1. Which condition number does Ser52 fail, the rest of (1) modelled with pLDDT of 90 or more; (2) surrounded by 12 or more Cβ atoms within 10 Å (Cβ to Cβ); (3) part of a loop (DSSP other than H, G, I, E, B) being met?
2. Just to be sure I understand the filter: pairs with C-beta atoms under 9 Å, separated by 6 or more residues or on different chains, first member in region 40-65 and farther than 10 Å from Asn78 by Cβ, second member loosely packed, with under 11 Cβ neighbours inside 10 Å and β-branched (Val, Ile, Thr). Which pairs pass?
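The values are calculated or read from the model by the stated rules, or taken from the named source; none is laboratory data. Since the structure is predicted, the reported quantities are computational estimates derived from the model, not experimental observations. Cβ coordinates were reconstructed from backbone atoms using ideal geometry, including for glycine residues, and neighbour counts include every protein chain displayed.
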Amino acid sequence: MLELFLPIAMLAQSTPATPADLPPQPEPAVAREAAPQRVYVQDTSKAARIESDNPDLEICVRSLVPGSRVKARTVCQNKAAWKAYVEAQEAMNREWDMVGKGFPPETEFVGPVGS
C-alpha cells in the first residue's frame, strides 16, 4: 500500500524551492594573509638590506656545503643579526686591507722591550 501512496504524495508536492525562498547564506570566510615568517635570499648582503615592518621576520640564506653537490646549509637570523654580521665582515675586510701597508696613523708603534 505504501507503494501506491508514495507516488501520489510526490506528485502533490509543491514545486522545488527557488534561491529566493532559501535563507541567505553566510558570507564565505576570507582567509587572512599571514605575514611571511621566513624570507629566503641568496646572499648575506641582501639579507641585511631586506625591508620589513616585522622585527621578528627570519631572513634565511642557503649556501652549498663545500665538497658536496647536494648538501646545503641554511642560516636563519633576524635583520639586526644580519646587519651585525655584515658590519663585522666589512670591518675584517678593512683590517686585512691594512696588512702590509704599515700601521694606521692613529696607532703608535711600541718597539721591543729593552731596546
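1. Condition (1) is where Ser52 drops out.
2. What qualifies is Tyr40/Thr74; Cys60/Thr74; Val61/Thr74; Arg62/Thr74; Ser63/Thr74; Leu64/Val70.
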